Amino acid sequence: MMPTKSRNANSETKDTSTSEDIMPGDEVLKSQSNPDRTDTGTPHRQAKRKYMEEFSTQATKRFKSSSIVLGDISKRVKTSFLSLTRRLPQWQSPDSPSKILVSNDCIAQTLTVSDQHATILLTHQDNDSTGISINNKSTKSILKLTVVPFHREILGSNPVMSSQETQQVDLKLLQNNPQASNNIISFLRSYNFRLKSESGAEFSYYTATTSPKRFDAHQLFSSTLKNSGGQFNVELISPASDTQIRRSMPSHASALVHETPTLYNEVVKPYIQNITDGGSLNWIFNIIEGKKEQERLLVNSDQYIINIDTKWRSHPDTFNVPRDEWYNHKSVEDLYCLGIIKELSISTLRELTASHIPILKSMQEVGLMTIKKIYGVDPDQIRIFVHYHPQFYHFHVHFTRLQNEIGAQVERGHLLSDIIQNLEMDSNYYQKRTITYKLKVTSPLYLLLQQPSSTTVATQNGKDKQEG
């Protein structure tokens, strides 16, 4: 008969299992199954406890490390998403090129076209973000494009008027060519429009880049599209007023106007006042107050600002190109900056007096110094002038490179240095003198000046001068 071992002898039998056989929680389970059993502090149990502590410490470290990595990934994803969103077509904007081009019954007509520029008139309905018409109201917008390479054949295929009509006072617009309009819209839809800046009013600015996949689909529409591609800058005016559309149309017949002080006070000044009272300058006030176009700001003093004019279309991307790379940039040949007075009561040079000389001199000096510092262009290469009549009736000054002759016509431009000198000689110089300028014969001001009452004022003033 086999001898039996006592319970005490059995309880003292050593556990021969190794640490590799122990899993986390085993000791807890053993304690629960044998409540009377206590930790005797044997080397094996001490090693087991140490293993559990190390296991817990490593797990905690790995969890914290994973949280940090995940947090970093989350930040990067968020940043990338915001960056991508900024580059996507601006569907939430009330008027973006992409949104307008998918509008129901959108019509595209050519206002002007050259080897480097095109101005397209878009007639469309107001749509929501899906392209569905909100109402039946028709809206007109202007799309100005600077294209390299340019596609004159496509974008100039649906003119609003013939070249013979540009010399007539009463313009006869051509009928829309549906096929040509569809070609233009199809071409423009093949581009992604990325918002660069906007004024808060009707003006916004985009970079258009072609999308290969989208473009391939539209190539099937017309064989004239097969050579498309390239990137260009876009200015959108939406909604566009009749005046803005008229300015964008081909050059019409023009006439010189001799504006006497009397004619100014009795006819022209009320005309300007009616425009400024109509709220058409809110966009410029937004720029002055720093609400818009901060990325274009070069100087911000108590009395004026100087920024990059939107006519400088070849300027480096103000969002993505660092300012230190603007120095001696190849685009400085097209340099165009704008100085804007903060005082709201000055509409034109007619209202300047000797009290404004310090502001004008400061703008001239600071403007030249800033252009030299940022762009590397010497002061003797910069033309500084004022328009009369200006494009908008809030006093502003133009800074352009000598090679850039935009707006520098002798019958419209007045050099700032001459203005300062004239005011130094006579504080009321521009209230006294007759100013001669050119107007298109279709412009509202010219038509107003042709009315009998205006003609009487001009004729009577001429007699007064002769008798004097």
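Descriptive notes on the structure:
- Of all residues assigned to the stretch 329-342, none qualifies as being modelled with pLDDT under 95, among the aliphatic types (A, V, I, L, M) and under 14 Å from Tyr393 (Cα atoms).
- Within the stretch 324-342, tally of residues that are assigned to a loop (DSSP other than H, G, I, E, B) and of a type in the set (Lys, Arg): 1
- Flag for Ser345 being at pLDDT below 95 and part of a loop (DSSP other than H, G, I, E, B): yes
- Those residues of the stretch 369-394 which are hydrophobic (A, V, I, L, M, F, W, C) and at pLDDT 95 or above, in sequence order: Met369, Ile371, Ile374, Val377, Ile382, Ile384, Phe385, Val386
- Count of residues meeting criterion [out of contact with any His (no Cβ under 8 Å at 6 or more places or on another chain) and surrounded by fewer than 17 Cβ atoms within 10 Å (Cβ to Cβ)] in the stretch 344-358: 7
- Taking the stretch 298-329 as the range and being surrounded by fewer than 15 Cβ atoms within 10 Å (Cβ to Cβ) and either among the acidic types (Asp, Glu) or under 21 Å from the mean Cα position of the chain (by Cα) (or both) as the test, the residues that pass are Asn300, Asp302, Asp317, Phe319, Asn320, Val321, Pro322, Arg323, Asp324, Glu325.
Residue-by-condition table, conditions (1) open to solvent by 20 Å² or more (accessible area, probe 1.4 Å); (2) part of a strand (DSSP E or B); (3) closer than 26 Å to Lys440 by Cβ; (4) modelled with pLDDT under 65:
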{"position": "Thr207", "(1), (2), (3), (4)": "no, yes, no, no"}
{"position": "Phe215", "(1), (2), (3), (4)": "no, no, no, yes"}
{"position": "His218", "(1), (2), (3), (4)": "yes, no, no, yes"}
{"position": "Gly229", "(1), (2), (3), (4)": "no, no, no, yes"}
{"position": "Phe232", "(1), (2), (3), (4)": "no, yes, no, no"}
{"position": "Pro239", "(1), (2), (3), (4)": "yes, no, yes, no"}
{"position": "Thr243", "(1), (2), (3), (4)": "yes, no, yes, no"}
{"position": "Pro250", "(1), (2), (3), (4)": "yes, no, yes, no"}
{"position": "Val257", "(1), (2), (3), (4)": "no, yes, yes, no"}
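- Any hit, the stretch 353-369, residues being touching a Pro at 6+ places or on another chain (Cβ under 6 Å) and over 21 Å from Ile237 (Cβ atoms): yes
- Residue in the stretch 302-335 that is farthest from Gln116 (Cα to Cα), counting only those that are of a type in the set (Ser, Thr, Tyr) and touching a helix residue (DSSP H, G or I) at 6+ places or on another chain (Cβ under 7 Å): Tyr304
- With respect to the conditions (1) farther than 26 Å from Tyr446 by Cβ; (2) open to solvent by 30 Å² or more (accessible area, probe 1.4 Å), Pro270 falls short on a single one, namely (1).
- Per the listing Asn286, Asn320, Asn265, the residue uniquely outside any helix (DSSP H, G or I) and over 30 Å from Val160 (Cβ atoms) is Asn320.
- Residue within the stretch 350-369 that is closer than 30 Å to Asp277 by Cα, touching a residue at least 60 places away in the same chain (Cβ under 8 Å) and in a loop (DSSP other than H, G, I, E, B) present: yes
- Residue pairs whose Cβ atoms lie under 9 Å apart, sitting 6 or more positions apart in sequence or on different chains, and linking a residue in the stretch 121-143 that is on the phi > 0 side of the Ramachandran plot and modelled with pLDDT under 60 to a partner that is hydrophobic (A, V, I, L, M, F, W, C) and open to solvent by 10 Å² or more (accessible area, probe 1.4 Å), are Gly131/Val102.
- Search result, residues across the stretch 372-390 that are touching a helix residue (DSSP H, G or I) at 6+ places or on another chain (Cβ under 8 Å) and either touching a residue at least 24 places away in the same chain (Cβ under 8 Å) or assigned to a loop (DSSP other than H, G, I, E, B) (or both): Ile374, Tyr375, Gly376, Val377, Asp378, Ile382, Ile384, Phe385, Val386, Tyr388, His389
- Filter result (in contact (Cβ under 8 Å) with a residue 24 or more places away in the chain, within 24 Å of the chain's Cα centre (by Cα) and open to solvent by 10 Å² or more (accessible area, probe 1.4 Å)) within the stretch 397-406: Arg401, Asn404, Ile406
- Residues of the stretch 407-432 satisfying the condition of being open to solvent by 40 Å² or more (accessible area, probe 1.4 Å) and at pLDDT 95 or above: Leu415, Ser417, Asp418, Gln421, Glu424, Met425, Asp426, Ser427, Asn428, Tyr429, Gln431, Lys432
- When we screen Ile341, Ile382 for residues that are surrounded by 15 or more Cβ atoms within 10 Å (Cβ to Cβ) and farther than 20 Å from Asp302 by Cβ, the only hit is Ile382.
- For the stretch 268-283, the candidate set comprises residues that are under 21 Å from the mean Cα position of the chain (by Cα) and either in a helix (DSSP H, G or I) or at pLDDT 85 or above (or both); within that set, the residue that is nearest to Lys311 (Cα to Cα) is Trp283.
The values are calculated or read from the model by the stated rules, or taken from the named source; none is laboratory data. Just so it is clear, the structure is predicted and the values come from calculations on it, not from any experiment. Glycine gets a Cβ as well: all are built from the backbone with ideal geometry, and neighbour counts include every protein chain shown. Surface accessibility is based on the protein's heavy atoms, side chains included, excluding ligands, DNA and RNA. Shrake-Rupley method; radii C 1.70, N 1.55, O 1.52, S 1.80 Å.
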